[in-house]
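Structure, as structure tokens:
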Amino acid sequence: MKTRVAVFALLIVAMLLTACQPGAAGGGTIKIAILAPLSGPVPTFGVSTRDGALLAIEEANAKGGVLGKKIEAVVADSQCTPDPAVNAANKVIEQDKVHYIVGEVCSSASIPISEIAEKNKVIQISPTSTNPTVTLNADGTTKKYVFRACFIDPFQGTVMAKFALSKGYKTAFIMFDQGNDYVRGLAEFFEKAFSEAGGQIVGKESYTKTDTDFSAILTKVAESKAEVLFLPDYYNIVNLVGAQAKEKGVTAVMMGGDGWDSADLDVKAADGGFYSNHYDAADTRPIVQSWVANYQKKYNSVPDALATLAYDATNLLLAGIAKAGVDDTDKVAAAMETLNFEAVSGNVTFDKQHNPIKSAVVIAVKDGKKTFTASVAP
Ligand code: PHE
């Protein structure tokens, strides 16, 4: 009798353990966490990301969900900042028991989230974090559970370096936030590509995220006579620096990366500038045009790159889950590696480091408008 009770107890324990595994089908829904900076320095990034991901989930649910289950979104505010990002990731994993995370936008937030995801065997797909280390361990190996839907900064830095040189500019001054993984990385990749292709870096100055007065650095920019001021920061900083540069009469052409992409970019402050980005809403491919129309119908605005990549990232994840055929993150990670998926921002297959190989576009800011100028393939 005793042994029968013991065997029975063991069986129950085994069943409970299985039920707690990420692979076990639990309940009638599949939960996907959306970690986005809804507050903090760059709220337009968060709102667009949430809205793009939610639209993908809504469309998928209208077609029956995934694995025959309804998809449930769990939205958390990760603020584009490491500590709130860690708290949000722990909360959705521990309390909401999600197996899947779409997010974050900012590399400095995605990197700590990726470590938590990896430890918990939770799949993370960042729509827009471009720093290489998001998907890489310290030893250079690939994080098994971490993917992204965007190109990476060595490519983006090279695109802008070559673009600057193609316009005949041979000298550049770089300004960067030392504490921001994305900004610091992109500054370095631009510097390397620009000098290797024959350009000259005539100055490089760092600042911190709390700085609001850039006049000392901008004086140096003016004195250096640089033709290009490379400022690979987010729109909130570009707005400040751009306005002060104009006030000071700095003539260097401002250039930057995807971080400029926001409805709140001050087009007066950034006038005359150029930035690289992931997609262009005027792209005539049918998949782009139907996406833009659907998004506009729902949210009454044209989707920016953040919304588009969040939509793509969510669909990539859903395609991975569907291909795996089971809610088991080991199997989903393996299935993701073999996807060949037509996303709005371009066709996606993942390389060995879980990065898609995709083209970039260069956007010009001129007279209040943001206009597509070039598309650059890897
Ligand atoms: N690439 C930026 C980062 O890694 C985030 C970003 C992407 C911002 C696209 C705007 C548009 O931090």
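The values are calculated or read from the model by the stated rules, or taken from the named source; none is laboratory data. Note that the structure is predicted; figures quoted are calculated from it, not measured. Cβ: placed from backbone, ideal geometry, glycine included. Neighbour counts: every protein chain shown. Areas reflect the complete protein model, heavy atoms only, side chains present, ligands, DNA and RNA absent. Shrake-Rupley method; radii C 1.70, N 1.55, O 1.52, S 1.80 Å.
If each residue of separation counts as 0.36 nm, what is the full-extension length gain between S301 and E337 once their alpha-carbon separation is subtracted?
Between S301 and E337, full extension yields an extra 9.6 nm.
State to the nearest 20 debye the size of the charge dipole of the stretch 117-173 about its Cα centre, where the only charges are +1 on K and R beta carbons and -1 on D and E beta carbons.
Result for the stretch 117-173 is approximately 100 debye, rounded to the nearest 20.
Based on the alpha carbon coordinates of the stretch 80-139, what radius of gyration and maximum Cα-Cα distance (Dmax) apply, in Å?
Expressed in Å, the Cα Rg and Dmax of the stretch 80-139 come to 10.4, 31.
Along each of its three principal axes, how wide is the spread of alpha-carbon positions in the stretch 180-232, in whole angstrom units, largest first?
Extents along the principal axes: 33, 28, 11 Å.
Roughly how far apart, in whole Å, are the Cα centres of the stretch 118-136 and the stretch 154-225?
One Cα centre to the other: 26 Å.
For an R0 of 35 angstrom, estimate the FRET efficiency from the Cβ-Cβ distance between A243 and S290 and round to the nearest 0.05.
Computed FRET efficiency for A243 and S290: 0.40.
How many angstrom separate the Cα center of the stretch 306-339 from the Cα center of the stretch 89-106?
First find each Cα centre; the distance between them is then 15 Å.
Among the listed pairs K91/K144; K170/K246; K204/K369; K143/K331, give every one whose C-alpha distance is greater than 25 Å.
K204/K369
If you take the beta carbon distance between T208 and D330 as r and set R0 to 30 Å, what does 1/(1 + (r/R0)^6) give as a FRET efficiency, to the nearest 0.05?
0.15
Let me know the whole percent of all Cα-Cα pairs from the stretch 155-202 that are separated by more than 11 Å.
Looking at the stretch 155-202, the distances longer than 11 Å represent 62 percent of pairs.
Per-residue ellipticity at 222 nm for the chain, helices alone: DSSP H runs ≥ 4 residues times -39500 (n - 2.57), over residue total, nearest 500 deg cm²/dmol?
Calculated mean residue ellipticity at 222 nm is -14000 deg cm²/dmol.
Enter the accessible area of S195 (Å², nearest 10), with the probe set to 1.4 Å and all protein chains included.
Accessible area of S195: about 60 Å².
Which trypsin sites (Lys or Arg not before Pro) in the stretch 59-139 pass both tests, a DSSP loop state and at most 12 other beta-carbon atoms within 10 Å?
Passing sites in the stretch 59-139 are K63.
Which value results for Rg/Rh of the chain when Rg is the Cα radius of gyration and Rh the Kirkwood radius based on the inverse mean 1/r?
In the chain, Rg relative to Rh is 1.03.
Given charges of +1 on the Cβ of Lys and Arg and -1 on the Cβ of Asp and Glu, with all other atoms neutral, how large is the dipole of the stretch 154-277 about its Cα centre, in debye to the nearest 20?
440
To one decimal place, what orientation-averaged projected area in nm² is obtained for the convex hull of the Cα set of the stretch 154-277?
Computing the convex hull of the Cα atoms and averaging its projections yields 6.4 nm².
Of T171, T219, F189, which is farthest along the charge dipole of the stretch 154-277 in the positive direction, counting Lys and Arg as +1 and Asp and Glu as -1 at C-beta?
T171
Filter the chain for me: DSSP H helices, axial length by Cα at least 15 angstrom, mean Kyte-Doolittle hydropathy not below 1.0. List them by residue number.
2-20, 305-324
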